[in-house]
Amino acid sequence: MALPTIGFVIGSLRKSSFNRTLANEAAAILEGRAKVTFIEFSDLPFLNQDEEFPTPAPVARVREAVAACDALWVFTPEYNGTLPAQLKNFFDWMSRRATPEAPAQPTVLTEKPATASGASGGAATAGARAAVSDLMAYIYMNVMTEGQAGFVLPGQAWAEDSWTLSDDDRQALSAQADAFLAFMSK
Ligand SMILES: Cc1cc2nc3c(=O)[nH]c(=O)nc-3n(C[C@H](O)[C@H](O)[C@H](O)COP(=O)(O)O)c2cc1C
């Protein structure tokens with residue numbers, strides 16, 4: 001049987017993003033059980049309805065990449081208690097139809113299973129994960145809210161701008177991967 005494809009969406013645009021490190025760990029954990037595609041979206045323009053149609057080329061490319069996935073897993077930092085603006089912009093674009101004439105059609109997100117994890121300061125991204133989970137549910141995704149792993153970054157990560165996950169961290173991420181694979185196959 002073909003492996004399911006999970007699209008990884010990183011909420012940070014930073015080159016040495018800790019959340020990208022987290023996503024790389026999750027990709028390694030999923031090896032042999034899912035195909036992972038990183039959905040790169042840093043070239044999306046800010047959504048402006050004056051420029052929505054015809055679909056800008058980066059939007060079409062990212063929509064195609066999302067459509068090819070069976071599920072999405074978001075890895076996000078927390079900005080001021082919520083999700084970063086670039087991640088909201090990604091979901092705003094993906095929540096729209098390709099043509100103005102098809103308002104009733106499903107989008108590339110409709111009913112897609114989704115979950116979220118994240119690494120940040122003290123709140124372990126609780127605010128960002130809650131916000132992005134609410135957003136994904138609002139745009140008709142099938143969201144796994146139980147068992148989301150949040151991580152408080154250790155001093156070492158900030159000092160070296162590089163994060164080495166502990167065994168406990170890997171275990172928490174692994175538990176979420178197991179839960180998400182089960183959730184997807186329901
Ligand atoms: C504008 C801004 C607001 C932030 N607000 C929060 C916050 O509310 N809570 C928190 O824990 N960290 C906050 N941070 C710190 C980020 O969560 C932290 O830099 C993040 O882990 C970086 O993730 P990255 O390495 O994936 O970019 C904020 C950072 C920025 C740039």
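The values are calculated or read from the model by the stated rules, or taken from the named source; none is laboratory data. Please read these numbers as outputs of a predicted model, since none were measured by experiment. Cβ atoms come from the backbone with ideal geometry, glycine included; neighbour counts cover every protein chain shown. Remember, those area values only see protein heavy atoms, side chains included, never the ligands or the DNA or RNA. Shrake-Rupley method; radii C 1.70, N 1.55, O 1.52, S 1.80 Å.
Brief remarks on what is shown
- Only one entry in THR37, THR76 is away from the ligand (no atom under 16 Å from the Cβ) and of a type outside the set (A, V, I, L, M), namely THR37.
- Test: SER120 is buried (at least 20 other Cβ atoms within 10 Å of the Cβ) and hydroxyl-bearing (Ser, Thr, Tyr): yes
- From the options ARG97, ARG20, residue that is away from the ligand (no atom under 15 Å from the Cβ), of a type in the set (Lys, Arg) and open to solvent by 20 Å² or more (accessible area, probe 1.4 Å): ARG97
- No other residue among LEU83, LEU44 is open to solvent by less than 60 Å² (accessible area, probe 1.4 Å), within 13 Å of the ligand (Cβ to nearest atom) and touching a Pro at 6+ places or on another chain (Cβ under 9 Å) apart from LEU83.
- Check on ALA175, more than 16 Å from the ligand (Cβ to nearest atom) and either open to solvent by 50 Å² or more (accessible area, probe 1.4 Å) or over 30 Å from PRO45 (Cβ atoms) (or both): yes
- The single condition from (1) more than 16 Å from the ligand (Cβ to nearest atom); (2) touching a helix residue (DSSP H, G or I) at 6+ places or on another chain (Cβ under 8 Å); (3) open to solvent by 20 Å² or more (accessible area, probe 1.4 Å); (4) of a type in the set (Gly, Ala, Ser) that ALA68 fails is (2).
- Some residue of region 27-34 being open to solvent by 80 Å² or more (accessible area, probe 1.4 Å), away from the ligand (no atom under 16 Å from the Cβ) and not in a helix (DSSP H, G or I): yes
- Some residue of region 108-127 being more than 13 Å from the ligand (Cβ to nearest atom), aliphatic (A, V, I, L, M) and free of Cβ contacts under 8 Å to residues at least 40 places away in the same chain: no
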